[in-house]
1. Based on DSSP H runs of at least 4 residues, each adding -39500 (n - 2.57), what is the mean residue ellipticity at 222 nm of chain B after dividing by all its residues, to the nearest 500 deg cm²/dmol?
2. Over chain A, what relative contact order in percent results from Cα pairs under 8 Å that are six or more residues apart?
3. Show which lysines lie in cross-link reach of B:LYS364 when reach means a straight Cα distance below 27 angstrom and same-chain residues fewer than eight apart are skipped.
4. Is there a quick way to get the dipole size of the range B:168-459? I mean about its Cα centre, with the Cβ of Lys and Arg at +1 and of Asp and Glu at -1; what is the value in debye to the nearest 20?
5. Within 10 Å of each Cβ of B:83-96, how many other protein chain Cβ atoms are there on average?
6. Run through the range B:63-113 and list the trypsin sites (Lys or Arg not before Pro) located in a DSSP loop whose Cβ has at most 12 other Cβ atoms within 10 Å.
7. If you put a point 7 Å past Cα along the Cβ direction, how far is that point for A:GLY295 from the same point in each other copy, in nm, smallest first?
8. Determine the principal axes of the Cα atoms in the range A:219-309, then give the extent along each, sorted from largest to smallest and rounded to whole angstroms.
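Just so it is clear, none of the values below were taken in a lab; they were calculated from the coordinates. For clarity, every value in this text was computed on a predicted model and none was experimentally measured. Note that we place each Cβ from the backbone using ideal geometry, even for glycine, and neighbour counts take in every protein chain shown.
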There are 2 protein chains.
Amino acid sequence: MLIQDTSNSLAHTLHLRRQSLAKLIDFPAILWSGSPSPRNFAANTFPFRASSHFIYFAGLSLPNAAIRLAAGELELFMDDPKSGSALWYGETPGREQIAVTIGADRAYPMSELELYLEGAATIPVQDAATWTQQSQLLDRWILPQQPPQGIDLQLAEAIIQLRLVHDEAALSELRKAAAVTVAAHKAGMSAVLKAKTEAEVRGAMEQVIIAHNMTCSYNSIVTIRGEVLHNEHYHHPLRSGDLLLADVGAETQTGWAADVTRTYPVSGKFSSTQCDIYDVVLAAHDACIDKIVPGVEYEDIHLLACTTIAEGLIDLGILQGKAEELVARDVHALFFPHGVGHLLGLDVHDMEDLGDLAGYEEGKQRSSRFGLGYLRLNRPLRPGMLVTIEPGFYQVPFILNNEQVRSEYQDVVNWERLSQFADVRGIRIEDDVLVTTQGHEVLTAALPNTADSVEGLVMGNW
Amino acid sequence: MLIQDTSNSLAHTLHLRRQSLAKLIDFPAILWSGSPSPRNFAANTFPFRASSHFIYFAGLSLPNAAIRLAAGELELFMDDPKSGSALWYGETPGREQIAVTIGADRAYPMSELELYLEGAATIPVQDAATWTQQSQLLDRWILPQQPPQGIDLQLAEAIIQLRLVHDEAALSELRKAAAVTVAAHKAGMSAVLKAKTEAEVRGAMEQVIIAHNMTCSYNSIVTIRGEVLHNEHYHHPLRSGDLLLADVGAETQTGWAADVTRTYPVSGKFSSTQCDIYDVVLAAHDACIDKIVPGVEYEDIHLLACTTIAEGLIDLGILQGKAEELVARDVHALFFPHGVGHLLGLDVHDMEDLGDLAGYEEGKQRSSRFGLGYLRLNRPLRPGMLVTIEPGFYQVPFILNNEQVRSEYQDVVNWERLSQFADVRGIRIEDDVLVTTQGHEVLTAALPNTADSVEGLVMGNW
């Protein structure tokens, strides 16, 4: 709860959001916030983080609350702090005070929610205590792992329409998250020369996020084994020939996220092979961002990344053939096996709790192609959308040592030439890009990304 | 998963633990590890932390696993990584490799667990996905919020007997947690002069924990509002007259915890009133630790803290009367409303998932007295037990502004004198104390706690 952040502008923002929702649905919606998840015992919980859909319309990350949205009005359901809780938790704001803060039209104790359920749609919250409660009260299964149906689906689609395009209040928070994330990455680069382990660099980065009273929007990746895409271990010692891949993002107190990756040499100096590959990835990164304007299909941005990487690898003699043809055969995916990015907002993969409903435009579905199947976003871009652009190059043993893969692509990969780039395990360069009416704005542009500039940051002379 | 920590000594330790268990129960026990808890969407989980009972006998924090303990033998149930997971998670150890690491006698896929359920007792895991699975497989309710019954209760009591007294392997981990926690607190003290907010001090402290590849064993308390006992906000600016209360502890990669509190002046210099109260709390802290020897009742340690605080407040003119009589009337609890400490081990409140079964000796129950009801531990001390000692002094408005309280205690509290100590909101001094055959050993003794020494640490001249 962030009482110090309250202002009429919050209530105004929330008013506009539910007015927009009311134009899209003609039935009530009830959104639950969720309850804290216990760690090893009931009183030792993970830090509470409310459901993003709740936060979008209620503004605050309140535990054990619900809101009802109907015809542009907001009703808050939550219990006042229990008598005696002031001993442990101090004087916390009660229901009426929070109702004023968020501009609720009415406020009731949680027990009265059952009187307001009729005809209401909802979206499942992730914690089982809450989706069980949702299911019991609404008398139908509300399960996070099941696609929504009926009015729940209509509600999900309406909320997606709103959340796809960020309003000014959202952008203000997203810029704060981006700024702190940039500072965290600079701290990481400044720490790496003296650090002995991945964990030390992670500590330097997350310190910045904590010091700004934010949290990490996802579990940080800080590793010299960048080819392990979801690496959440931090135990490796740093050696001077290593590249460190750091994928770390901040989340503001009201839940808005950033998501940034940089890759830099532990020694402060790329080897010539590392620099060559780095420049290929950077070329893809820059080409993709250059193309971001309203109306462009995000899938085409992804394919541009694939083609640019293929071209770069052809120039380096690692691949042979024509870039477009290589991409058509998914050759790029040997080295770039994930999508070029995703939606970003309250969730680091925004609205991924709804499966592909938000990421994929109606009528579009995930490709079964190896080189396209991991694409998380497939929509035409619109002003106000925030996306990540994060091409990469990885030498994943699981892929490159696969005999079937090697025989299938033996005509286009020069394995001997590739072996000269053994000191490149994984490189990714990721920024957060807002689609604007004029084109785009990189929210994380303050963090340098050229090989020279990241070397400079590591060496302390940038 | 901590493959780098594997050694025969882990397998040996686990062997001894289950041999001990086999002497206490004559039926099989199945312990589940639990599954990761989702944060805002399924793929964005909180960092996984296995159930402490599982860790105690399996050694590693493995997700989605179970072990069966019967007659001193260990059977591991877990699935191998899915085909394709190597792309995202790298080459992770499979079931057989982990079985060797932990010295399991046999290992099976999770699906075979249903063949081994007969007559088995268990303990509920905190996450709902797992306790639902436990309930379904064992065909009875296994609920974390319900006291265990029958063989589940017998199992819980047997495990408590073992976990109450730490073995050498546990102590080795607990010492590591204590050492990193000491370093984190020193970093906090070194940061406070330059810090502008609570969050910045928290960042400096948690950086140390992260850099050692540990986690926080509980959500840190770092606040100038120390009178709010469970304060998990970090937004206050620091002002020069403030005392900062920092209650922060590290947890090792295999789950063993520390729990330490220090309170120090933001300016580096206690006011005379702050110093007076600090010395009262420190006197209670030192007196309690001095008394720790095998055989002593922990409740008597608590009462000694109460009496020492009462004496100190009498000396300062805040209370009047005889200390023992004041404590009998719970006057101490106006300023010291919590217990003097608790068990510490794999959980920061060790085995609190079992309610008071671990904390309270058979036949003892929570007191309804205001001054005793929050005591979490009420047992005679034995060598190998690890407890916290954490007396405090707080001016909690909820208590001190209560008219009934003021009238009940008007004859013993000098409210006018108390008002001269308005710059003391909350002070707590907490260390982790191991009961030894000779007496005790303070695992966190490397962190100074006298008023002079904490001033010195803050000023950088200690």
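1. For chain B, the value works out to -11000 deg cm²/dmol.
2. The value is 15 percent.
3. Those lysines meeting the cut-off are B:LYS23, B:LYS291.
4. 620
5. 4
6. Values: sites: B:ARG68, B:LYS82, B:ARG95, B:ARG106; in loops: B:LYS82.
Qualifying residues, ordered by number: B:LYS82.
7. 9.0
8. Principal-axis extents of the Cα atoms in the range A:219-309, largest first: 46, 41, 20 Å.
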